[in-house]
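Here's the structure, in structure tokens; my notes come after.
The values are calculated or read from the model by the stated rules, or taken from the named source; none is laboratory data. Values in this document were obtained by computation on a predicted structure and should not be read as measured data. All Cβ positions, even for glycine, are placed from backbone atoms using ideal geometry, and neighbour counts span all protein chains on display.
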Amino acid sequence: MLNYMKYRFRKGGEKMQKFIGIVMALVFVLSFSGLATAVDEQPANSKARAKAKQISGEVTEIDVTAKTVSVKGKNGTKTIMCTEKTKITMAKENKTLADVQIGDRVTVKYKESDGKQTAKSIEIKSAAKKSKLPT
């Protein structure tokens with residue numbers, strides 16, 4: 001191909017310079033288009049790896065059938081969904097959602113996606129205190 005270009009542009013060196021300039025400009029432009037797509041992919045990946053959030057507070061509501069727990073923290077109440085992967089513990093013992101009671105102090109680690117909070121783990125800090133009846 002190089003021989004063809006030499007033959008084609010033998011008479012006018014000026015035409016060869018224009019041709020090489022156009023090719024170099026094209027290579028330059030295409031090299032930046034690859035960088036632009038690489039930059040666009042980074043936010044999508046970092047969004048998928050969102051940090052786990054945490055709320056500590058008192059359990060105000062439990063729905064075992066819907067698998068949700070409402071926790072009242074410093075910044076208000078959040079209703080968080082539980083899944084089969086949610087790890088529920090109390091004093092390093094595995095528990096189930098049925099073991100969580102209203103009034104329990106808990107720390108819930110969850111992740112938020114599409115406006116929904118999904119629990120990764122629930123740690124029951126202290127069980128709900130039973131009220132003493134006067135005798």
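So which of PHE28, PHE19 is at pLDDT 75 or above, hydrophobic (A, V, I, L, M, F, W, C), surrounded by 13 or more Cβ atoms within 10 Å (Cβ to Cβ) and assigned to a helix (DSSP H, G or I)?
Testing whether each residue is at pLDDT 75 or above, hydrophobic (A, V, I, L, M, F, W, C), surrounded by 13 or more Cβ atoms within 10 Å (Cβ to Cβ) and assigned to a helix (DSSP H, G or I) leaves just PHE19.
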Output the residues belonging to region 59-78 that are basic (Lys, Arg) and under 11 Å from VAL108 (Cβ atoms). LYS78
Hey, among ILE88, ILE80, which residue is among the aliphatic types (A, V, I, L, M), in contact with a strand residue (DSSP E or B) (Cβ under 7 Å, 6 or more places away or on another chain), modelled with pLDDT of 90 or more and farther than 11 Å from VAL59 by Cβ? ILE88
In region 49-64, is there at least one residue being part of a loop (DSSP other than H, G, I, E, B) and either in contact with a helix residue (DSSP H, G or I) (Cβ under 9 Å, 6 or more places away or on another chain) or at pLDDT 90 or above (or both)? yes
